[in-house]
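See structure below.
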């Protein structure tokens, strides 16, 4: 088996027109790679391209050493679970039914869940702390609760690769911490490769094994957290004056 769960080789992403070109990185199994950067910088576009929601405009993507072009949709559903930022509005579905849809790659034609499927869903629901509202209609719960249900759906798919776009948005600090711990547990115990975009720099610093910094349609630098999270880099990435960085970020770090 290849050393890397996910690889990008000179990847170009964008909507019809290139936004970011020559993207190269490797993600090992059991590691968490975090994309950080300002809104609109291209983080989501990279994740959508990796997951297949957008067609790549150039370059190659590899999953476990196999070119993505040679991976069928059915195979990909068992290999990659995805949570993107777009809100979904499933009509007349409970939160439980939404979470259970993460098991559909493993069920038969009629989508009937086995005991093993149900256990996977229940374990994921508990992991994200959604037990109290899981039987409510999805349309009736808060954005933060919906976020946790969608995370449970991605987790219960039990894939070796998770692609998560801003999974901590809408969550209060308690559930942000719960999510970070769940991600760490999945990476360490299940040896899953997790690629995630985050806005909270202070949380990204604590969870990341590797960091990719995206700004103005370019990867301006990448590296280990101890290399990335310094005053010079964060100020450049987010256009923060150094005096404000020292006042609001460094003092709280």
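Let's see how each residue does on (1) modelled with pLDDT under 90; (2) surrounded by fewer than 17 Cβ atoms within 10 Å (Cβ to Cβ); (3) more than 19 Å from residue 30 (Cα to Cα):
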position: 167; (1), (2), (3): no, no, no
position: 174; (1), (2), (3): no, yes, yes
position: 184; (1), (2), (3): no, yes, no
position: 188; (1), (2), (3): no, yes, no
position: 191; (1), (2), (3): no, yes, no
position: 194; (1), (2), (3): no, no, no
position: 210; (1), (2), (3): no, no, no
position: 214; (1), (2), (3): no, no, yes
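Within the stretch 191-200, the residues that satisfy the criterion of being in contact (Cβ under 8 Å) with a residue 60 or more places away in the chain and within 17 Å of residue 171 (Cβ to Cβ) are 194, 196, 197, 198, 199. Quick one: how many residues across the stretch 89-116 are surrounded by 13 or more Cβ atoms within 10 Å (Cβ to Cβ), part of a loop (DSSP other than H, G, I, E, B) and in contact (Cβ under 8 Å) with a residue 24 or more places away in the chain? The total comes to 2. Go through the stretch 14-38 and report how many residues are more than 15 Å from residue 220 (Cα to Cα), under 17 Å from the mean Cα position of the chain (by Cα) and assigned to a strand (DSSP E or B). So the count comes out to 5. Among strands (runs of 3 or more DSSP E) entirely within the stretch 178-233, having at least 3 residues that are more than 17 Å from the chain's Cα centre (by Cα) singles out 218-223. In the condition set (1) in a strand (DSSP E or B); (2) out of contact with any helix residue (DSSP H, G or I) (no Cβ under 6 Å at 6 or more places or on another chain); (3) under 20 Å from residue 225 (Cα atoms), residue 41 is compliant with all but (1).
From the list 244, 203, the one residue that fits, being over 24 Å from residue 84 (Cβ atoms) and either free of Cβ contacts under 8 Å to residues at least 24 places away in the same chain or surrounded by fewer than 19 Cβ atoms within 10 Å (Cβ to Cβ) (or both), is 244. In the stretch 136-157, what residues are assigned to a loop (DSSP other than H, G, I, E, B) and touching a helix residue (DSSP H, G or I) at 6+ places or on another chain (Cβ under 6 Å)? Residues satisfying the conditions are 136, 141, 157. Residues in the stretch 145-164 that are within 16 Å of the chain's Cα centre (by Cα) and under 23 Å from residue 91 (Cα atoms): 146, 147, 148, 149, 150, 151, 152, 153, 154, 155, 156, 157. Could you tell me whether any residue of the stretch 53-75 is within 28 Å of residue 223 (Cα to Cα), under 14 Å from the mean Cα position of the chain (by Cα) and in contact (Cβ under 8 Å) with a residue 40 or more places away in the chain? Checked against the condition, which is being within 28 Å of residue 223 (Cα to Cα), under 14 Å from the mean Cα position of the chain (by Cα) and in contact (Cβ under 8 Å) with a residue 40 or more places away in the chain, the stretch 53-75 yields no hits at all.
Taking the stretch 211-240, which residues are touching a residue at least 24 places away in the same chain (Cβ under 8 Å) and touching a helix residue (DSSP H, G or I) at 6+ places or on another chain (Cβ under 6 Å)? Residues satisfying the conditions are 211, 213, 214, 215, 229.
The values are calculated or read from the model by the stated rules, or taken from the named source; none is laboratory data. All figures in this text were calculated on a predicted structure; none of them were measured in a lab. All Cβ positions, even for glycine, are placed from backbone atoms using ideal geometry, and neighbour counts span all protein chains on display.
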